[in-house]
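What follows is a set of notes on a single structure, which appears directly below.
The values are calculated or read from the model by the stated rules, or taken from the named source; none is laboratory data. In this text, all values refer to a predicted model and were calculated from it rather than measured experimentally. Heads up, the Cβs are rebuilt from the backbone with ideal geometry, glycines too, and the neighbour counts pull from every protein chain shown.
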Amino acid sequence: MMPPLQRRYRVMRLPFTKMQGAGNAFVVLDGTRATIQLTPEQLRHLGDRRFGVGADQILAVERSSPPGVDFRCRIFNGASGDKVEHCGNGALKAASRLT
């Protein structure tokens, strides 16, 4: 029988980069090679500092569909898993990985 945590969360491998800046922790996910589709529950688990990676915000850098735009970035709150409008400090950290 599987332990309760493994029954609750499907095990997956998801490459990420953890960054810190101005007192905040960010997890940057590379969605340029494969689509990232995480549920709010999975995002909360990833952002959890005790049982996950731990992050204030989770940024998913992905391919963009409009011509002339190299990428897009979706930003999620690490505690709630909700999508947020912007995070300047997190965007700065994500951009530093792209250059």
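In this structure, A79 does not satisfy being small (G, A, S), within 15 Å of R97 (Cα to Cα), within 12 Å of the chain's Cα centre (by Cα) and at pLDDT 90 or above.
Does region 15-52 hold any residues that are part of a helix (DSSP H, G or I), charged (D, E, K, R) and either in contact with a Cys (Cβ under 9 Å, 6 or more places away or on another chain) or surrounded by 14 or more Cβ atoms within 10 Å (Cβ to Cβ) (or both), and which are they? Result: R44, single match.
Taking residues in region 31-60 that are without any contact (Cβ under 8 Å) to a residue 24 or more places away in the chain and over 13 Å from K83 (Cβ atoms), and partners anywhere that are hydrophobic (A, V, I, L, M, F, W, C) and surrounded by 14 or more Cβ atoms within 10 Å (Cβ to Cβ), the pairs with Cβ atoms closer than 7 Å and at least 6 places apart or on different chains are G52/L46. The residues on offer are A79, A60, A55, and the sole one that is buried (at least 17 other Cβ atoms within 10 Å of the Cβ), in a loop (DSSP other than H, G, I, E, B) and of a type outside the set (K, R) is A55.
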